[in-house]
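Engineer: One structure, as structure tokens, below. Some questions next.
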Amino acid sequence: MKPAPFDFIRAASVAEASRHLKQADGAVRLVAGGQSLGPMLNLRLARPKLLIDITGIPELTEIEESGDAVTIGACVTTAAIEDGRVSGRGLDPLASVAMNIAYRAVRNRGTIGGSFCHADPAADWVTTLFALGAECFVATENSKRAIPADQFIRGAYENALEPNDVLTAIKVPRLSVGGRWGYYKVCRKAGEFASAMAAVLRDPDRGIYRAVIGATHGKPILIADAREMQSADGSLKESAVVHFLESNGIANSLARRQQLAALSRAFAQARLP
Amino acid sequence: MVKYGIGASVLRKEDDRFLRGRGQYVGDFRVTGLQEVAFVRSPVAHARLKQVHIPERFRGAVFTADDLVDVKPIVSAPSLPGFKRSAEPILAAGKVRFVGEMIAICVAPTRAEAEDIADAVSLDLEELPAVTDMLAACEPDSPLVHDEWNDNVFVEFSENVWKDDLSGATIKVSKSIRTARHCMFPMEGRGVLAYRDERLRNLTLVTSTQFPHCVQTGLSECLGLSHGDIRIISPDVGGGFGYKGLLCREEVALAWLALRLAHPVRWLEDCREHLAANANCREHHYEITGYAAADGKLLGVECVAHVDAGAYSSYPVSSSVEAAQIANLLPGPYMFSAYRCRTAAVATNKCPILPYRGVARSGICLAIEAIMDAIAQETGLEPHDVRLRNMVPPEQISTYRNVVGKQFDSGDHPECLRRAVDAIGVQKIRERQKRPEPDGRRIGVGISFFVEQGAHGTNVLASWGRPIVPGYEQAQVKLTVDGEVEIHVGTHSHGQGHETTYAQVAHEVLGVEIDKIKVVQGDTMYTPYSTATWGSRSMVHGGGAVARASQLLAKRAAQIGAWLLQTEVDKVRVADGKVIAGDSSVTLCEVARVWYLQPQNLPASVDTGGLDVTAGYRAARDSGTFTYAAHAAVVAVDPATGIVEILNYVVVEDGGTLVNPMIVDGQICGGTAQGIGTCLYEATPFDTQGQPLASTMIDYMLPGATEVPDIRVLHMQTPSPYTEFGIKGLGEGGAVGPPAAIVSAVNDALRPLNAEVFDLPLTPERILTAIEEAAAHRQGAAA
């Protein structure tokens, strides 16, 4: 379990990283925490000719707060988020999700941006950033643009980055004072990838009642207006959910059962006063 | 006032280095000129191997079967009637028979470079249909694993004691049970370092093994060397569990390579090799039927069982062990008189099976306990009451012979079970089950009971036809010049704490301070030949030998001490590190100093055998010891997700006289964690082409700290009447009881839903499927 030979560059700036991406022409990978790419390299499933380490780029580990949002550098580790580097009003979901991702050793190195780019359907950040309505900032050597999180992920292990793009930061809106968050994942074992996962964001002040179902075979499934799944007494309409899951490609009845459980539990959390 | 002797929870002497990261494992050895090895392994389960292409630039760094001309294959053929031999090549030639089978050795200065070479070697393979299911493998149209056989069965066993006609029995219950193939996963994988020692004129292998001397014998056979030409060093070993109780192909390959090349070579197994090439335990299938009277009294058991033994027969344990054990041990602790059992060890295109901790018994216990639970259902009795009705009463325990003639040694089985029932609080759980749980989960309680025959003696193992029959364990015990004690044993601790427990035995006899007793193990140059550590045998046989040798040493010391005290030898005794006669005494240190440094002060008649003695041990009854235990579990099953959580777990065990209760607790808890893995998490599924589908730890699930509950261990201590100090073997039982207890608890929780599961592991998918099928069945019945 040793990787095939590769060249290694530690980029000092986003522009430099992007330039190397451009020059390398194909068999090149950016590496941040390496918690997914590392095993793939060791198993020789990924065989890039060049690895560009971006963790030494100062701006990628910055955190910038504004009144209604926080912008998290792509190379901020999950452990840093767990430990409260990103905290404050309306940001509680971030640390609470972070602390249940994999194991501390993984969180110590794994980054929010790396996980999001990897786009593993069962990754917590994928579902979470979808549900929070995050925005991704992407740069090349000489351009910058923003992509909404739900457009950044294209499918399982597929993101919207162009060959020279570097994900630089992720902007997460704050919850309003009355905003509520629900999150539940079904794992056989603490720290393992989930087999079902749901996030619910209920933020009446911003007019948001959104639910996201993750750990599917593809892109997370977005329920833009979760009120459709709710009966008059506020409980979840199970048959509507099952039908919705079915029509969104979750063909396996056991998977639907687990997803239903995850969603109803996330819903219940988000309904708490 | 027991402080350091038998029965004291002495802190483990070896833990000082382990906890400080100063242990010395194969990977810690530093040897100059060392090169690393990576293997080219078969990517497919069954194929003709037509050619191995080695790029020109790597010739000289790659070796194939064509190079290993003088090396004999590994053959483990027990002398059992009808056993079919399999020759396991060190490197495959002609045919590959499982994914991960070794095809070529690649050598380079670093492992990464060796893997680059392995990567560049290509194979010309003609794939054949793979034999992946042990039941289908027994069908007449199945492809053959070994072309020269006429079927895929290594060997069959049967028991048939069926005098009465039970067709009219009130109760007849049947179950189909399957246990999954999985990995043993010691913390340290296998590893081998091999070099030529020019000074000692031998081939030295530093290898992570449970039994250095057996590796020496196996290598001697494969390489045609004498035992004196081979030295095996087994340093600290990070867990074995049976995984390191065999002669490995890699050991033979590295030994050959070290003889061929001018520099030392090393191979360290990585996680991928372990997962993909070594899922080698526990895969059984049972069709079992129990007959009982209306009062729950068991009348008879019928069973047909299959063991997926894999492609070859491992040396020296062989592919037959588990199938033999099932036929012999299935009756368990219960009294009944009609028994029919047929078992088969079946060859498949998977890696060879090895006996994992508890060997076949976790499956056996699950099978017989499923029948006891089913009888409880039929009679309406509590499952533990059914068991109590069928147990051997304590007054008959040492005389009763069960349906296959097995005779226990000592103890009180019903009392053990009753203590478990009380400790887990069955009555309270029954009350709790009457109300729904606030979180919607369902609660269940389950108990398993089993007898753990361990420390089998020479006669028992000879009857299994093993190529290496364990003999009478020996120990060398020496009083050093400083009056300290050095113990040399051929058994090998791979986590059991022998450096502590053997010292406790010597302390018990000699009274020398425990810190001044050193245990030397793991080197064939310095230890008596031994079949080593497995099968819960070391404390009984090795400990017995340490006691015998210590007693002999005490006698020699007493002679010298008596002379120094100017008294008769029959007036002195050895205790507290002294030779004592009435109020006067000399220390063993003084005795040693006189013997080694001032022998002129001793009479001419002194025993010149000295203070360095070797003695052996045979238990008074050679059939093994019979530890027994009850495991009790309370679980919560989430019917919405299929997830099981263990809420409470109790073990009540009678392991005879306990040498070190703290170490015993560790053994039981560690074993139980593995049993929880077998029951709930661990599995290596294979696809129809024989590809293992869990080849990384993303797909292979081990229980972790959050999945293993606090295990409460309660002891009974009924000494064995047949062993030194009354010690019984107990290293494996922890892993035997959990599947039966947890399956019973989960099915208890699922009972209101009419669902039950007997397919291990109990995955959420299997539990949800059982729930859905039961619901569909109810709807069907309603419609």
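Just so you know, all these numbers are worked out from the coordinates, no wet-lab data involved. Because the structure is a prediction, the values reported are computed rather than measured. Cβ sites come from the backbone with ideal geometry, for glycine too, and all protein chains shown count toward neighbours.
Engineer: Using alpha carbon centroids, what distance separates segment A:77-103 and segment B:217-278, in Å?
Structural biologist: One Cα centre to the other: 47 Å.
Engineer: Let me ask you something else. Using the Cα gyration tensor of segment B:194-238, with a ≥ b ≥ c the square roots of its eigenvalues, what is the shape: rounded (a/c below 1.5), prolate (a/b larger than b/c) or oblate (neither)?
Structural biologist: Cα axes put segment B:194-238 in the oblate bin.
Engineer: Which value results for Rg/Rh of segment B:239-294 when Rg is the Cα radius of gyration and Rh the Kirkwood radius based on the inverse mean 1/r?
Structural biologist: That ratio is 1.32, to two decimals.
Engineer: I want to verify the translational diffusion coefficient of segment B:574-717 in µm²/s; compute it with Stokes-Einstein, Rh as the Kirkwood radius over Cα pairs, at 25 °C and 0.890 mPa s.
Structural biologist: On the way: Rh = 21.4 Å.
It comes out at roughly 115 µm²/s.
Engineer: Helix-only mean residue ellipticity at 222 nm, chain B, DSSP H runs n ≥ 4 weighted -39,500 (n - 2.57), per residue, nearest 500. What is it?
Structural biologist: Helices in chain B give a 222 nm mean residue ellipticity of -8000 deg cm²/dmol.
Engineer: So which DSSP H runs in chain B come out at 20 Å plus along the axis (Cα) with average Kyte-Doolittle of at least 0.5?
Structural biologist: Membrane-span-like by this criterion, though nothing is claimed about a membrane: B:361-379, B:661-676, B:733-750.
Engineer: Note down the Stokes-Einstein diffusion coefficient of segment B:160-290 in µm²/s, whole number, using a Kirkwood radius over alpha carbon pairs, 4 °C, and 1.567 mPa s.
Structural biologist: 74 µm²/s
Engineer: Return the inverse of the average 1/r over all pairs of distinct C-alpha atoms in the protein assembly as shown, which is the Kirkwood hydrodynamic radius, in Å to one decimal.
Structural biologist: Kirkwood hydrodynamic radius for the protein assembly as shown: 31.9 Å.
Engineer: Using θ = phi - 60° and the Karplus form 6.51 cos²θ - 1.76 cosθ + 1.60, what ³J(HN,Hα) does each residue of segment A:172-179 get, whole Hz, x for Gly and Pro?
Structural biologist: Running phi through 6.51 cos²θ - 1.76 cosθ + 1.60 with θ = phi - 60° gives 10, x, 6, 6, 5, 4, x, x Hz.
Engineer: Now for a separate question. Please pull out the direction-averaged projected area of segment B:336-400, using the convex hull of its alpha-carbon atoms, in nm² to one decimal place. Write out the running numbers ahead of the final one.
Structural biologist: Values: hull surface 27.9 nm².
The number I arrive at for segment B:336-400 is 7.0 nm².
Engineer: For segment B:430-488, what ratio Rg/Rh do Cα atoms give with a Kirkwood hydrodynamic radius?
Structural biologist: The Rg/Rh ratio comes out at 1.45.
Engineer: Can you run phi through the Karplus equation (6.51, -1.76, 1.60; θ = phi - 60°) for segment B:533-539 and list ³J(HN,Hα) in whole Hz, with x for Gly and Pro?
Structural biologist: Result, rounded to whole Hz: 10, 5, x, 6, 10, 5, 5.
Engineer: Taking the Cα atoms only, what angle lies between the long axis of helix A:14-24 and the longest principal axis of chain A, rounded to 10 degrees?
Structural biologist: The helix A:14-24 is inclined about 70 degrees to chain A.
Engineer: Could I ask something else about it? In nm, give the distance between the simple-model label positions of residue A:64 and residue B:178, each being 7 Å from the Cα along the Cα-to-Cβ direction.
Structural biologist: Distance between label points: 5.7 nm.
Engineer: With all distinct Cα pairs included, what does the Kirkwood hydrodynamic radius of chain A come out to in Å, to one decimal, could you say?
Structural biologist: Working: mean 1/r = 0.0522 Å⁻¹.
That comes to 19.1 Å for chain A.
Engineer: Let me ask something else. Tell me which residues come under 5 Å, amide H to amide H, from residue A:70 once H is placed; ignore anything under 5 positions away on its chain.
Structural biologist: So residue A:70 has HN proximity to A:172, A:174.
Engineer: Now for a different question. How much space per residue, in cubic angstrom, does the convex hull of the C-alpha atoms of segment B:304-439 take up?
Structural biologist: 170 Å³
Engineer: Sticking with this structure for a sec: Under the √(5λ) rule applied to the eigenvalues of the Cα gyration tensor, what semi-axes describe the equivalent ellipsoid of segment B:481-522? Give them in Å, descending.
Structural biologist: The equivalent ellipsoid of segment B:481-522 has semi-axes of 18, 11, 8 Å.
Engineer: Given a cut-off of 18 Å, what percent of all Cα-Cα pairs of segment A:207-273 lie beyond it?
Structural biologist: Counting every Cα pair in segment A:207-273, those more than 18 Å apart make up 29 percent.
Engineer: To continue, here is another question. Per residue of chain A, what 222 nm ellipticity follows from adding -39500 (n - 2.57) for every DSSP H run with n ≥ 4, rounded to the nearest 500? Write down the numbers at each step before the final one.
Structural biologist: On the way: 10 runs with 84 residues, N = 273.
When only DSSP H runs of four or more count, the value is -8500 deg cm²/dmol.
Engineer: Now a separate question. Output the relative contact order of chain B, whole-number percent, from Cα pairs under 8 angstrom with separation of 6+ residues.
Structural biologist: Values: 1949 pairs, mean separation 122.8, N = 783.
Taking the mean separation of contacting Cα pairs over the length of chain B, I get 16 percent.
Engineer: So what are the three principal axis dimensions of segment B:650-783 from its Cα atoms, in whole Å, longest to shortest?
Structural biologist: Sorted from largest, the Cα extents of segment B:650-783 read 65, 38, 28 Å.
Engineer: Next up: Just to confirm my numbers, what's the Cα centroid distance between segment B:284-337 and segment B:470-508 in Å?
Structural biologist: Between the Cα centres of segment B:284-337 and segment B:470-508 lies a distance of 37 Å.
Engineer: Under a point spin-label approximation (7 Å from Cα along Cα-to-Cβ), what is the residue B:340-residue B:198 distance to one decimal in nm?
Structural biologist: Rounded to a tenth, the inter-label distance reads 6.9 nm.
Engineer: Let me ask something additional. Once both labels are modelled 7 Å past Cα along the beta-carbon direction, what's the residue B:263-residue B:699 spacing in nm?
Structural biologist: Placing both labels 7 Å beyond Cα along the Cβ direction yields 3.6 nm.
Engineer: What's the center-to-center distance, using Cα atoms, between segment A:211-249 and segment B:60-122 in Å?
Structural biologist: One Cα centre to the other: 53 Å.
Engineer: Report, in degrees rounded to the nearest 10, the 0 to 90 angle that the Cα long axis of helix A:253-271 makes with the longest principal axis of chain A.
Structural biologist: Its long axis makes an angle of about 80 degrees.
Engineer: Once chain B is represented by equal point scatterers at the alpha-carbon sites, with solvent omitted, what log10 I(q)/I(0) does the Debye formula produce at q = 0.07, 0.10 Å⁻¹?
Structural biologist: -0.54, -1.05
Engineer: Once you have all Cα-Cα distances for segment B:1-157, histogram them in 10 Å bins from zero and send the whole-percent values.
Structural biologist: Result returned by the calculation: 9, 25, 24, 17, 16, 7, 1, 0.
Engineer: Calculate I(q)/I(0) for segment A:136-273 by the Debye formula, one identical point scatterer on each C-alpha and no solvent, and give its log10 at q = 0.11, 0.16, 0.19, 0.22 Å⁻¹ to two decimals.
Structural biologist: Values, matching the q order: -0.47, -0.91, -1.15, -1.33.
Engineer: Sticking with this one: Taking chain A as the reference, fit the longest principal axis to its C-alpha atoms, fit the long axis of helix A:238-247 to the helix C-alpha atoms, and give the angle between the two in degrees, 0 to 90, nearest 10.
Structural biologist: 40 degrees
Engineer: Convex hull over the Cα atoms of segment B:506-570, averaged projected area in nm²?
Structural biologist: Here the figure is 5.8 nm², rounded to one decimal.
Engineer: More than 14 Å apart: what percent of Cα pairs in segment B:279-341 qualify? It would help to have the intermediate numbers written out before the result.
Structural biologist: On the way: 1205 of 1953 pairs.
For segment B:279-341, the share of Cα pairs beyond 14 Å comes to 62 percent.
Engineer: Sticking with this one: Please report the base-10 log of the normalised intensity I(q)/I(0) for segment A:70-166, using a Debye sum with one equal scatterer per alpha carbon and no solvent, at each q in 0.11, 0.17 (1/Å).
Structural biologist: For the requested q values the scattering log ratios are -0.30, -0.73.
Engineer: Further question on the same structure: List the residues of segment B:464-486 whose backbone N lies under 11 Å from a point placed 7 Å from the Cα of residue B:593 along the Cα-to-Cβ direction.
Structural biologist: B:482-483
Engineer: Could you give the length gained on full extension between residue B:29 and residue B:158, defined as 0.36 nm per residue of separation minus the Cα-Cα distance, in nm?
Structural biologist: Extra length available between residue B:29 and residue B:158 comes to 41.6 nm.
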